[in-house]
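Engineer: For reference, the structure I am asking about is given below.
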Amino acid sequence: MLMKDLFKKPGNKLESDEQKPKTPSIPDELCVSCPSCSKAVFKAELNESFGVCPSCGHYFKIGARARIDMIADKKSFVEHDAKLTSTNPLAFPEYDEKLEKAKKESKEREAVVTGVCRIGGYPCALFVMEPRFIMGSMGRIVGEKITRLFEYATKKSLPVVGFTVSGGARMQEGILSLLQMAKVSGAVKYHSDAGNLYVAVLTNPTTGGVTASFAMQGDIIIAEPGALIGFAGPRVIEQTILQKLPPNFQRAEYLLQTGFIDGIVERKDQKDYIARILKLHSRGVS
Amino acid sequence: MFSKILIANRGEIAVRIIRACKEMGVATVAVYSEADRNAMHVGLADESYCIGPALLKYSYLNMGAILTVAVASGAQAIHPGYGLLSENPKFAALCEQCGINFIGPSSDTIAKMGDKNQARVTMKNAGVPVIPGSELIKDAAQAKEEAKKIGYPVMLKARSGGGGRGIRIVKSEDEMESAFLTAAAEARSAFGDGEVYIEKYLSPVKHIEVQFICDKHGNVVCLGERECSVQRKNQKIIEESPSPFVTPKIRNALYEATRTAAKTVGYTGVGTIEFLFDKDKNFYFMEMNTRLQVEHPVTEMVTGIDLVKWQIRAAAGIKLDFNEKNTPVRGHAIECRINAEDPLDNFKPSCGKVELLLIPGGPWVRFDTAIYQGYEIPPFYDSMIGKLIVYAKTREEAIRKMRAALCELVVEGVHTNIDLHLNILSDPEFESGAYTTDFLSRKDYL
């Protein structure tokens, strides 16, 4: 064992002038703490691993734009209805402030981004929900944008690929938001009747009115590993039916086992997977 | 000058850097793993902090922990040594983001030179001779086509490989398809990047490298070459400077290529360009090492320049006070890497307690190490436990001095390769100076 004070200090003075003291610091935006394993993860590393924790595999929520970059071919995404944004039709208390805050945090005007793009060279219509905008909740504008996207895709005979993340219908818009479930479902039906493909990708969490409508209406439904997918939350159900729920209840793996979804696809493989589905359904067009 | 530096390394190189800092009056911060509590660098530094368990990925490669210690201890710069994080562009970029000086070139230069294919293309465009080769290869058919153009035998090389790893030799077209598929798969699993390219396979070759240093004022100084052709499985064992093979005319051409390469990438700090020489004395760029090299002491001995101190000074923005004219290569230096391994048992790494340690002395004999008597060599890290370096006026005298010094070096308790070095130094082929990289593979004393 080497004792700390074994060596004497030479006492040499600094050989030339000291540099202007630049205090090193770790900028806040440099790393994040993983909510699952609590380890510090560098953001650059997280971006490279598609928002999956390199040490424990936890899926971080990722914003709509980052997801579009991940899925769509480079520079192929053209946004639709970018200017549509919610108002407060019922004069719901504090909703205006909530909307302002959501816009600031997410840098988006609404909880869904819609448009057209190419995936692996195959054209499609794409909608991606934004978790930082009031937890991807569905209000009138979310419903309207997705409806318009399906109508556009029907007209142009395009497949639709949709990424859902949502806490459900937006309560601040009351019955108007619940109405969106029927409206979007109608547009999905017309799109489907015209022989077009709809691929839904459910990410953590997809719940409430979104699950009860367009999230579960895909011809092919895939989910991210471990995603919570359900209508009411597990605690509410347990308290209502007074029964213990099976482990993994409402998780993607359980839903796959019980036949509600068609597959679980890791984030890094999603682009190739979706491109393959689009290719199979492209009717020879690319 | 920096008033405090964190050394993100262990072993002899950490000790070497701490020594330079002590002479310069710079305070030092050591980091160490749980297995290195009793390591020399821990005791020698002014402050030391444990950063994680023994395995490299949890400690010496744990960027978050190292940066946290740097920030908390107020270190202005990080010296990465060699290996570990020294050529990791992500780490260099993180240092830049945290306002810490990374003692080395910019993250951008490291990334550019770390991509072996991009480095080749950059050098080729700058007019530095490169080994005839291809761009990145898409499939086996293209591999065959390119190899035909270049002429067999060829090498399949991983873009992200290095240190002799990720290389496959293909002798004929029949072998190409399976070689391409396995090389790409291997590269993908070893480096996370399956891209490969083809290069002409040259054999026999000499491995000769040029040491250079650049300050932040546009000065580039070449500090002689090192002959590193004594290798086992692509790992250098003995290095010497100057190379017995290099004439003043060749040296001038090497310096010219080195200066061009350094200026092309906007280099700062110390760096090395490795060249391959074929039997007709043609030389080709192999790769640029954007860090201090293990074998830097031979250059220090023949030039009188303390490379570590000047590396730190250059990072602090101090102008070089020497040039090639007033820093000629004088005399001859040889370095033997002393590894704790058993050459009689397939070079199996050897660890355990150093029961007795006697270090040779006398004029111009230097032993860079971090072991001491009673030290327990941990099993987790590189097997190199020291570097024995000698200097003399002529090559012949340097070889005699090295033989004498090796006989005086006693390390008991672990196996070492000291006897192997003695065999090599007495080999007429080594003595002639004409040896090539396949030298050791042909010897029966191995």
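Engineer: Kindly flag which residue pairs out of A:20/A:103; B:171/B:206; B:171/B:393 have an alpha-carbon separation exceeding 32 Å in this structure.
Structural biologist: In this structure, A:20/A:103; B:171/B:393 exceed 32 Å between Cα atoms.
Engineer: Is segment A:176-270 best put as rounded, prolate or oblate by its Cα gyration tensor, with a ≥ b ≥ c the root eigenvalues, rounded for a/c under 1.5, and otherwise prolate when a/b is larger than b/c, oblate when not?
Structural biologist: Because a/c hits 1.5 or more and a/b fails to exceed b/c, segment A:176-270 counts as oblate.
Engineer: Starting from the eigenvalues of the Cα gyration tensor, five times each then square-rooted, give me the equivalent ellipsoid semi-axes of chain A, largest first, whole Å.
Structural biologist: 42, 23, 22
Engineer: Quick one: plug the Kirkwood hydrodynamic radius of chain B (C-alpha pairs) into Stokes-Einstein at 20 °C, 1.002 mPa s, and report D in µm²/s.
Structural biologist: Here the translational diffusion coefficient equals 95 µm²/s.
Engineer: Sticking with this one: Would you compute, from DSSP H runs of 4+ residues alone, the mean residue ellipticity of chain B at 222 nm, taking -39500 (n - 2.57) per run and dividing by the full residue count, rounded to the nearest 500?
Structural biologist: Value at 222 nm, helices only: -10000 deg cm²/dmol.
Engineer: So what are the radius of gyration and Dmax for the Cα set of segment B:206-442, in Å?
Structural biologist: Both quantities, over Cα of segment B:206-442: 18.0, 51 Å.
Engineer: Here is a follow-up. Quick check: from the Cα gyration tensor, does segment B:132-200 come out rounded (a/c under 1.5), prolate or oblate?
Structural biologist: It comes out prolate by the Cα gyration axes.
Engineer: In debye, nearest 20: dipole of chain B around its Cα centre with unit charges on the Cβ of K, R (+) and D, E (-)?
Structural biologist: 940
Engineer: Run through segment B:303-358 and list the GluC sites (Glu not before Pro) located in a DSSP loop whose Cβ has at most 15 other Cβ atoms within 10 Å.
Structural biologist: B:355
Engineer: Further question on the same structure: Per DSSP helix of 4 or more residues, -39500 (n - 2.57); summed, then divided by the residues of chain A. What does that give at 222 nm, rounded to the nearest 500?
Structural biologist: When only DSSP H runs of four or more count, the value is -10000 deg cm²/dmol.
Engineer: Out of all DSSP beta bridges in chain A, what portion is antiparallel? Express it as a percent rounded to 5.
Structural biologist: Once the DSSP bridges in chain A are tallied, antiparallel ones form about 45 percent.
Engineer: Output wanted: per-residue J couplings in Hz (rounded whole) for segment B:393-400, from phi through Karplus 6.51 cos²θ - 1.76 cosθ + 1.60, θ = phi - 60°, x for Gly and Pro.
Structural biologist: With coefficients 6.51, -1.76 and 1.60, one gets 5, 10, 5, 4, 5, 5, 5, 4 Hz.
Engineer: Sticking with this one: Test of the criteria: in segment B:48-154, which trypsin sites (Lys or Arg not before Pro) are in a DSSP loop and have at most 13 other Cβ atoms within 10 angstrom of their Cβ?
Structural biologist: Qualifying residues, ordered by number: B:138.
Engineer: Okay, next question. Counting Lys and Arg as +1 and Asp and Glu as -1, each charge on the Cβ, what is the dipole of segment B:336-406 about the Cα centre in debye, to the nearest 20?
Structural biologist: Dipole of segment B:336-406, to the nearest 20 debye: 440 debye.
Engineer: Okay, next question. So if I average 1/r over every pair of distinct C-alpha atoms in segment B:52-135 and take the inverse, what Kirkwood radius in Å does that give?
Structural biologist: 14.4
Engineer: Something else about it: May I ask for the distance between the Cα centers of segment A:212-270 and segment B:370-400, given as a whole number of Å?
Structural biologist: With segment A:212-270 and segment B:370-400 each reduced to a Cα centre, they are spaced 62 Å.
Engineer: Okay, next question. Mind checking the dipole of segment B:265-406: about its Cα centre, +1 per Lys or Arg Cβ, -1 per Asp or Glu Cβ, Debye to the nearest 20?
Structural biologist: 540
Engineer: Turning to a different aspect of this structure: Among B:275, B:237, B:404, whose Cα lies farthest out toward the positive end of the dipole of segment B:206-442, if unit charges sit on the beta carbon of Lys, Arg (+1) and Asp, Glu (-1)?
Structural biologist: B:275
Engineer: Here's another thing I want to ask about it. Quick check on segment B:4-86: what does the Kirkwood estimate of hydrodynamic radius come out to from the alpha carbon pairs, in Å?
Structural biologist: 12.2
Engineer: Another one. Give the value in nm², to one decimal: projected area of the alpha carbon convex hull of segment B:332-423, averaged over all directions.
Structural biologist: For segment B:332-423, the mean projected area of the Cα convex hull comes to 5.6 nm².
Engineer: At q = 0.11, 0.16, 0.18 Å⁻¹, what log₁₀ I(q)/I(0) does segment B:158-303 have when each alpha carbon counts as one equal point scatterer in the Debye sum?
Structural biologist: Relative scattering, expressed as log10 I(q)/I(0), comes to -0.48, -0.94, -1.11.
Engineer: Could you please state, rounded to a whole Å, how far the C-alpha centre of segment B:24-75 is from the C-alpha centre of segment B:289-355?
Structural biologist: When both Cα centres are located, 22 Å separates them.
Engineer: Now, a different point. Between segment A:1-78 and segment B:122-161, what is the C-alpha centre distance in whole Å?
Structural biologist: Segment A:1-78 and segment B:122-161 have Cα centres separated by 36 Å.
Engineer: Of all DSSP beta bridges in segment B:1-154, what percent run antiparallel (nearest 5)?
Structural biologist: For segment B:1-154, the DSSP antiparallel bridge percentage is about 0.
Engineer: Classify segment A:39-118 as rounded, prolate or oblate, taking a ≥ b ≥ c as the square roots of the eigenvalues of its Cα gyration tensor: rounded when a/c is under 1.5, otherwise prolate if a/b is larger than b/c and oblate if not.
Structural biologist: The shape class here is oblate.
Engineer: In this model, which of A:75/B:157; A:39/B:348; A:156/A:189 are farther than 25 Å apart at the alpha-carbon?
Structural biologist: A:75/B:157; A:39/B:348
Engineer: Please tell me the relative contact order of chain B in percent, rounded to the nearest whole number, where contacts are Cα pairs under 8 Å and at least six residues apart.
Structural biologist: Across chain B, relative contact order equals 14 percent.
Engineer: What are the GluC sites (Glu not before Pro) within segment A:225-286 that DSSP puts in a loop, where the Cβ has at most 15 other Cβ atoms within 10 Å?
Structural biologist: Taking segment A:225-286 and a limit of 15 other Cβ atoms within 10 Å, the loop GluC sites (Glu not before Pro) found are A:266.
Engineer: Could you tell me the largest-minus-smallest coordinate of the C-alpha atoms of the protein assembly as shown on each of the three principal axes, in descending order and whole angstroms?
Structural biologist: Here the Cα extents, ordered largest to smallest, are 94, 63, 50 Å.
Engineer: Also, quick follow-up: Compute the helix-to-body angle for A:267-280: its Cα long axis versus the longest principal axis of chain A, expressed 0 to 90° and rounded to tens.
Structural biologist: On a 0 to 90 degree scale, this one is about 30.
Engineer: Please turn the phi angles of segment B:50-59 into ³J(HN,Hα) values with the Karplus equation 6.51 cos²θ - 1.76 cosθ + 1.60 (θ = phi - 60°), one per residue in order, whole Hz, x for glycine and proline.
Structural biologist: Using θ = phi - 60°, the values come out as 6, 10, x, x, 4, 4, 3, 5, 8, 10 Hz.
Engineer: Compute log10 of I(q)/I(0) for segment A:153-230 with the Debye formula, placing one identical point scatterer on every Cα and leaving out solvent, at q = 0.11, 0.12, 0.25, 0.26 Å⁻¹, to two decimals.
Structural biologist: Those come out to -0.28, -0.34, -1.13, -1.17, one per q.
Engineer: Return the sequence-ordered ³J(HN,Hα) values of segment B:72-78 in whole Hz as given by the Karplus equation 6.51 cos²θ - 1.76 cosθ + 1.60 applied to θ = phi - 60°, using x for Gly and Pro.
Structural biologist: Residue by residue, segment B:72-78 yields 5, 8, x, 6, 8, 8, 10 Hz.
Read-outs throughout are calculated quantities, based only on the coordinates presented, and are distinct from any laboratory measurement. It should be emphasised that the depicted structure is a prediction, and the values quoted were computed from it without experimental measurement. Glycine gets a Cβ as well: all are built from the backbone with ideal geometry, and neighbour counts include every protein chain shown.
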